[in-house]
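J.: To start, I am sharing the structure in question, which I have written as structure tokens.
The values are calculated or read from the model by the stated rules, or taken from the named source; none is laboratory data. Bear in mind that the values here come from a model prediction, so they are computed numbers and not experimental data. Cβ atoms come from the backbone with ideal geometry, glycine included; neighbour counts cover every protein chain shown. Remember, those area values only see protein heavy atoms, side chains included, never the ligands or the DNA or RNA. Shrake-Rupley method; radii C 1.70, N 1.55, O 1.52, S 1.80 Å.
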Amino acid sequence: MHRLAFTVAALLYALPLVAAEADPLAGKFELGYLATSGNTETSSLNSKLALTYEVDKWRHSLNAAVVHAEDSGVTTAERNQFGAKSDYKFNEFDYLFITVNWEQDRFGGFDQRTSEAVGYGRRILKTERHNLDGELGAGARQTTPVVGPDVSETILRAAAKYQWRFAEGAAFDQSVIVESGESNTYTQSISAVAAKLVGTWSLKFSYTIKNNSDVTPGLENTDTYTAVGLEYTF
């Protein structure tokens, strides 16, 4: 739990920096029911927070997620994640990015994992209803496994994010991230549908797939997360 406290403290420290001007700041908070499968079979509550601050040529974002479940006093799922990303926009379509992500998931085979990457991004598609971004970059990753020595390696990173606003107040989002290193290729896919209920509240359904090409013997390569909850936009 001390890592969770560190994550929250880092987020609170960053908030005054991004909140200097109210207009460029946007955020989402999500709370809901989560069911997992793979290395853990459980259901629990999950929470997510995402902030975006955009001004002039810069776009900064922070995101955090917490999953924790217990069964008869025994922890059955524990995953904490924190990420930060900055984009420098050359124009409406092209930008450079730098990103840092940290996560802890001891039921997934590692105590903690941190990755850093820089690269180029482009808005491939932009219409009234459709947006598609693609990114390609390189960086490094440090992993502390539950069993075995720490691993530090160079990675290649590819990502894509698509949004389809198929109705007023309703949208489908799909994001994919692939980080490939010598010891492991990590793939994350998040599919989500959100529909406005009232005011700034929406009902959201999401399905997340996380895959590691190489895992500790006895663990599964793929974990899935199915979540249903309320999303508050501000």
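J.: Share of the stretch 184-230's accessible area from carbon and sulfur, percent, 1.4 Å?
T.: 65 percent
J.: Follow-up question, since we're still on this one. Residue farthest toward the positive end of the dipole of the chain, with Cβ of Lys/Arg at +1 and Asp/Glu at -1: which of GLY148, SER180, GLY32?
T.: GLY32
J.: Have a look at the chain and give its Rg and Dmax from the Cα atoms, expressed in angstrom.
T.: 17.8, 54
J.: Nearest 20 debye, what's the magnitude of the dipole of the stretch 139-193 about its Cα centre given +1 on Lys and Arg Cβ and -1 on Asp and Glu Cβ?
T.: Here the size comes out at about 160 debye.
J.: Using 0.36 nm times the number of residues separating VAL147 and GLN188, minus their current alpha carbon distance, what extension gain do you get?
T.: 12.5 nm
J.: A follow-up question, please. Place a +1 charge on the Cβ of each Lys and Arg in the stretch 70-207 and a -1 charge on the Cβ of each Asp and Glu, then give the dipole magnitude about the Cα centre in debye, rounded to the nearest 20.
T.: Using only the charged Cβ atoms, the result is roughly 580 debye.
J.: Please get the size of the charge dipole for the chain, origin at its Cα centre, with Cβ charges of +1 on Lys and Arg and -1 on Asp and Glu, quoted in debye to the nearest 20.
T.: 520 debye
J.: How large is the accessible surface per residue of the chain, computed with a 1.4 Å probe and reported in Å² as a whole number?
T.: Roughly 54 Å² per residue, with all protein chains present.
J.: Give me log10 I(q)/I(0) at q = 0.16 Å⁻¹ for the stretch 93-150, Debye formula, one equal scatterer per alpha-carbon, no solvent.
T.: -0.64
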